[in-house]
Amino acid sequence: MSAQSEPRRPRRRRGDAITAEPATSAGVVEAIHIAAAAGEQVRSVEAVRAVAGVGLEGDRYAYGRGHYQDAHVSRDLTLVEVEAIEARARDHGIELAPGETRRNITTRGIALNELVGRGFWVGAVFCQGTRLCEPCQYLADLTGKPLLRALVHRGGLRADILRGGLIRPGDRLRLADDD
């Protein structure tokens, strides 16, 4: 696919103009964060076991101890683009420390919004994107930062874990379509 025909997605606004960056079908795991219970501080881990249909070992949602208890919404795995975090700092002056979004996996180089309804790999773990992980008032309250508007449609992705395994920083994310 040539650079001219490559799909593009909105990146950020400067006034009323929208700039774009190429949509990519591959990225990398930058960081992994889990929390043992709702409201507890997230902690960075060097590796985590993903369990199909359950979530990440040691994470609040895998054990039913998360803030939200709606069984109709996937909470196996949440991901956020580091590019979205960097854009919030640049465009809105909102600095977020690693893990402060409370998403499990921080990625670089892949357009997560495009994974809704699609199968993808995180290293050896197979996932299905289920819906966007929009920011909520609970997250804004925990961080003490005005995140709702700044992260609308850039708050990350929710995914079901269909085949488990180990996830580590540096693991490649790729669309199942690319196999």
Ranking of Asp91, Asp177 by count of other Cβ atoms within 10 Å, fewest first: Asp177, Asp91
Under the Karplus curve 6.51 cos²θ - 1.76 cosθ + 1.60, θ = phi - 60°, whole-Hz ³J(HN,Hα) for the range 156-162, x wherever Gly or Pro sits: x, 9, 9, 8, 8, 8, 9
Under Karplus coefficients 6.51, -1.76 and 1.60, residue-wise ³J(HN,Hα) of the range 35-50 in Hz, glycine/proline x: 9, 6, 8, 4, x, 6, 4, 6, 10, 7, 10, 7, 6, 8, 8, 8
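Every read-out reported here was derived from the displayed coordinates using simple, explicitly stated rules and does not represent laboratory data. The model shown is predicted, which means the values in this text are computed figures rather than measured ones. All Cβ positions, even for glycine, are placed from backbone atoms using ideal geometry, and neighbour counts span all protein chains on display.
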